[in-house]
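The values are calculated or read from the model by the stated rules, or taken from the named source; none is laboratory data. Predicted model only: the values in this text are computed from it and were never measured. As a convention, Cβ positions derive from the backbone with ideal geometry for all residues, glycine included, and neighbour counts pool all protein chains shown. Please note that ligands, DNA and RNA were not included when accessible areas were found on the heavy atoms of the full protein model with its side chains. Shrake-Rupley method; radii C 1.70, N 1.55, O 1.52, S 1.80 Å.
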Amino acid sequence: MVIQQPSNQIKLTNVSLVRLKKGKKRFEIACYKNKVMEWRSGIETDIDNVLQIPNVFLNVSKGQTAPSAELAKAFGKDVPVDDIILEILKKGEMQVGEKERSAQLERVHNEVIGMVASRLVDPRTKRVYTSSIIEKALDQLSSQAHQQQNDKKEEGSASGTPTTGEAGESKAQAPKPMWKGVSATKSAKSQALEAMKALIAHQPIPLARARMRVRVTCSTNVLKQPVKAPKAAAGKEDEDGEKKAPGTVKDNILSLFEQVENQDVMGSEWEAVGFVEPGIFKDLSDFIENETKGRGNVEVLDRAVTHED
């Protein structure tokens with residue numbers, strides 16, 4: 001006797017499911033493991049490398065595909081299946097097992113530690129720390145954050161109202177960035193930025209952002225032009241009672257460098273290479289764009305200059 005299987009059943013193995021509930025129905029798509037997060041973070045751009053099969057399912061484990069009528073009812077009559085798949089992939093909840101979840105968390109954790117270790121340095125020596133030292137520092141901040149959270153809960157339950165401190169001090173001071181640990185649901189890059197902010201704010205070990213090495217080029221005709229002072233700064237006086245001069249374009253550019261390696265003039269073009277703090281780079285870029293009217297340019301040569309042992 002030949003057993004007939006339903007025509008809308010497809011058997012798949014070794015999959016990661018992405019599930020979305022829409023209009024009382026649950027729809028699923030079958031994806032390759034580890035590819036969903038890469039798609040959502042922009043690392044993977046080819047959807048064929050993400051989907052095991054370009055179908056929408058009611059139940060992947062049973063191989064039951066979603067009928068066209070159900071898709072039309074939930075997503076709209078004229079919505080193509082490809083658009084439905086993209087919506088599920090973007091908004092759906094990823095279903096992973098415990099082993100997969102642990103492996104994914106470990107992978108993201110290692111990526112975060114690696115990114116942070118490559119972008120922060122000892123401000124005295126400009127040398128990078130080892131990944132293990134950065135990991136211990138972040139573990140320390142995570143423990144502190146959870147301890148503070150528990151202390152606040154105990155204080156709140158004991159008093160019935162949150163403590164605000166004397167004369168509303170807590171309202172006046174902005175809270176420092178906190179680090180509570182790595183999450184598998186957020187991108188490694190965004191978490192690395194959060195971790196760096198918390199480390200720099202709390203300084204469990206001496207830390208600073210590694211400097212950027214940049215090249216600035218500008219027409220020599222522009223360099224000596226005076227910079228227009230902002231209206232708010234116009235008429236302001238320094239400590240000696242004299243009015244502040246905004247200076248020339250060149251003066252302002254060089255003032256944004258932490259250290260200038262070299263300057264050179266080639267024909268009608270001036271070039272300066274040096275180091276800037278990451279937090280100053282946007283100011284430098286905006287100044288050159290606004291003041292040179294397209295006759296100047298800033299180029300990043302190295303995003304994180306470090307000295308390694």
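A single entry from VAL36, VAL2 fulfils the requirement of being among the hydrophobic types (A, V, I, L, M, F, W, C), out of contact with any Ser or Thr (no Cβ under 9 Å at 6 or more places or on another chain) and at pLDDT below 90: VAL2.
When residues of the range 192-207 are filtered for being more than 17 Å from the chain's Cα centre (by Cα) and either among the charged types (D, E, K, R) or open to solvent by less than 30 Å² (accessible area, probe 1.4 Å) (or both), how many remain?
Filtering the range 192-207 down to residues more than 17 Å from the chain's Cα centre (by Cα) leaves 201-207.
Imposing the further condition that a residue be either among the charged types (D, E, K, R) or open to solvent by less than 30 Å² (accessible area, probe 1.4 Å) (or both) reduces the set to 207.
Total satisfying the criteria: 1.
Residues in the range 117-153 that are among the charged types (D, E, K, R), in a loop (DSSP other than H, G, I, E, B) and open to solvent by less than 70 Å² (accessible area, probe 1.4 Å) were compared, and the one that is modelled with the lowest pLDDT is LYS126. Tell me yes or no: at least one residue of the range 154-165 is open to solvent by 50 Å² or more (accessible area, probe 1.4 Å), assigned to a helix (DSSP H, G or I) and either modelled with pLDDT of 85 or more or within 30 Å of LYS21 (Cα to Cα) (or both). There is no residue in the range 154-165 that is open to solvent by 50 Å² or more (accessible area, probe 1.4 Å), assigned to a helix (DSSP H, G or I) and either modelled with pLDDT of 85 or more or within 30 Å of LYS21 (Cα to Cα) (or both).
I'd like to know if the range 89-104 contains one or more residues that are exposed (fewer than 12 other Cβ atoms within 10 Å of the Cβ), under 18 Å from LEU207 (Cβ atoms) and among the basic types (Lys, Arg). Looking through the range 89-104, none of the residues is exposed (fewer than 12 other Cβ atoms within 10 Å of the Cβ), under 18 Å from LEU207 (Cβ atoms) and among the basic types (Lys, Arg). Among the residues making up the range 206-260, those that are of a type in the set (Asp, Glu) and either modelled with pLDDT of 85 or more or in contact with a Cys (Cβ under 7 Å, 6 or more places away or on another chain) (or both) are ASP251, GLU258.
If only residues of the range 33-61 that are touching a strand residue (DSSP E or B) at 6+ places or on another chain (Cβ under 7 Å) and assigned to a loop (DSSP other than H, G, I, E, B) are counted, the one that is nearest to GLY92 (Cα to Cα) is VAL56.
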